[in-house]
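See structure below.
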Amino acid sequence: MLLSCFYFLSFVSTPVFGQLECKPIDDCDNLRLLLVREYPDSACQAVGSGSCGNADPFHEVVYRVFLHFETDSSVSDSELYFMLDYSWLNATVNLINTGGEGYSYINKEATKECLKTGSGQWDTDNLVIFEISDNNEVAIQLENETSSPCGASGAQIQFTPDAPAGVSNCSVTSNCAYAELFPIVVQAYPGETLRLECKVLQYAPSGEIDGCDTSSCSLNSGTGNVNTNGISNYTVPSAASPTGENGTLEISFGDTLYNVDGTYDIEVVLNRKDGTGNLEIEYLEFMVEVNAEIAVSDPSFPSSNGPAAVRKTAGAGNAVIYQLYYVMSFDTAITMAPDDDTVLDIIRIGPPMPFNQEFEMVFKLVNEDDSRVRTDEGCSKVKLSADTVLFFNDSGNPVCTNLELDHKVFRVEGREDTSGTCPAPFVRFGLVSTGMPDEIEFDYFECQLLIHATGQLNISEVVFPSNWTCENQLTGCDTTCWDLEQGPDKVVHVRMCRDSSIIQFPTDSAFMEIHFTGFGCIDGVDVQLLRFNRDEDSSITCVPIINLENQGFPACSPEIKGT
């Protein structure tokens, strides 16, 4: 059963001009969120054709979020100009993507800029909390800490009976008032299906600590001529096929540079082939895919342009796939003459993880149907060069087969200790069995781990399973079982040499642990080197398959929480 909001809203005729009356709402069920999609992402319209002056309808979908108050039809419009009497009000809305790969996202910068130029009523520096999370949630929180029941200037919620353009009128038996809370600007990817969802709407009048939730968080507004219902599914259209001067543009890969640290720099280039006169490029959107047979270093972007999003997925074995989603909006248009070209970005990638493994990488441009370009000649898709596919390969140690390492994978895991007075997080690593627990002989095992840690964490020791002895037995392998290189990032080097020794696999006995002192977080671990040799009579030194699932990072020291 939902709580009442404690106050009765008695209407007294109030002029539109002059001081607005401050009124509470007596029943939260009369208060809901109205979610409006302002205009679709479609043709090559002028920038700012909606209420938000900095949005571009070619690639941005703009939503507006309103408080919607509904009362009896006997209440006149003139009584629906008022400021809300409130102690606090919270509202949270999230973007739902029901189709496609999930590339559409709420553009934080554009949304905040639109809030300033659109609604523009909130003092978000001092009085109102406005947040956009990385998981596409938008929240606004207003708390009234003033003696005035309607709050300070910059945090006053003003209602008006003037419905947003395109919204269906209030029902015959009701009258309605609206207060705009915030806009949402979505960078919308072609082919994906979007809608908004109201997650939270809570309200308390002044003087009250306990508020109430609305029984129905959002209002189903129907559709209008221009605006559409924000809770309804909307599929983002693709751009038209390139014609005319837009058809002279093509994206390809340019020069490749091999760096001394083993990384590769790959140019992404926009070419103009033939054409007439200069062409002004204002916006570009396209995707690059990198397929690697083994886990390579995450790509970086030394030219500082970089994609809007990087998606990393694991393939079979140690393989990894990167999808680089480029969204380029140029404040000053790129001018290109016929047969001209310009470097859009540089992708830096590699070496593989671990460094010693043989590898092959393939770079290609993908999803041409979902690409977009905006020029002074119009909007369309942009050609992606099908001929430019880059291959990189290097010799090294092969991946272990089941003959060399039967049903075993290498894992690195972050763990948060719960024992002791002030426990520190730790890292455990080693070979684990994907089949029945058993044992395996080996002659040589080596790994090098680069640990990314924040705070004041320092490595204290590497602990081996109780049934292992840390002594190297083979000639030419007389170093200690582990050493480390201290620095901003910690490098741990483990080297074990045996004469047909045995690793046992019952319950986690093949895990080694890196222990720390101090406080902080372990954000991740890079496997820089990994070698295994089962039999001294065999010349095959191989790289165990690395399992990257559910690694447990970040692993942090316990926090003290409470009041």
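Per-structure values
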{"item": "Surface share of carbon and sulfur [accessible, 1.4 angstrom probe, percent] for segment 188-267", "result": "46 percent"}
{"item": "330, 182, ranked by accessible area, largest first (probe 1.4 Å)", "result": "330, 182"}
{"item": "Segment 328-339 - phi-based ³J(HN,Hα) in whole Hz, Karplus 6.51/-1.76/1.60, Gly and Pro as x", "result": "10, 10, 9, 4, 10, 4, 7, 9, 10, 7, x, 6"}
{"item": "Computed accessible area, residue 450, all protein chains, 1.4 angstrom probe, square angstrom", "result": "30 Å²"}
{"item": "Projected label distance in nm at residue 210 and residue 402, using a 7 Å step from Cα toward the beta-carbon", "result": "6.3 nm"}
{"item": "Among 348-357, 202-211, the order from most to least packed when residues are scored by Cβ within 10 Å on average", "result": "348-357, 202-211"}
{"item": "About the Cα centre, charge dipole magnitude for the chain (Lys/Arg +1, Asp/Glu -1 at Cβ), debye", "result": "840 debye"}
{"item": "Which of 23, 116, 364, 312 is most accessible, then next, and so on - probe 1.4 Å", "result": "116, 312, 364, 23"}
{"item": "Net length gained if the chain between residue 168 and residue 394 were fully extended (0.36 nm per residue, minus Cα distance)", "result": "75.0 nm"}
{"item": "Interchain or long-range residues, amide H under 5 Å from residue 552's placed H", "result": "414"}
{"item": "Å² per residue, accessible surface of the chain at 1.4 Å", "result": "45 Å²"}
{"item": "Net charge dipole size for segment 264-406 [Lys, Arg +1 and Asp, Glu -1 on Cβ; Debye, nearest 20]", "result": "260 debye"}
{"item": "Long-range HN-HN contacts of residue 218 with modeled amide H, under 5 Å", "result": "33"}
{"item": "Rounded accessible area of residue 78 (nearest 10 Å², 1.4 Å probe)", "result": "40 Å²"}
{"item": "Heavy-atom accessible surface of segment 410-455: percent carbon and sulfur, 1.4 Å", "result": "50 percent"}
{"item": "Filter on 23/108; 273/364; 108/273 - keep pairs with C-alpha separation over 25 Å", "result": "23/108; 108/273"}
{"item": "Solvent exposure ordering (accessible area, 1.4 Å, most first) of 68, 452", "result": "452, 68"}
{"item": "For residue 358, residues with placed amide H under 5 Å, excluding near neighbours", "result": "396, 397"}
{"item": "Prolate/oblate/rounded call for segment 68-190, Cα gyration tensor, a/c under 1.5 rounded", "result": "oblate"}
{"item": "Accessible area of residue 447 in the full protein assembly, 1.4 Å probe (Å², nearest 10)", "result": "0 Å²"}
{"item": "With Cα atoms, 0 to 90° folded angle of helix 108-117 axis to the chain main axis", "result": "20 degrees"}
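The values are calculated or read from the model by the stated rules, or taken from the named source; none is laboratory data. This one's a predicted model, so the numbers in the text were calculated from it and none came from an experiment. Because the Cβ atoms are built from the backbone with ideal geometry, glycine has one as well, and the counts that use them run over all protein chains shown. Surface accessibility is based on the protein's heavy atoms, side chains included, excluding ligands, DNA and RNA. Shrake-Rupley method; radii C 1.70, N 1.55, O 1.52, S 1.80 Å.
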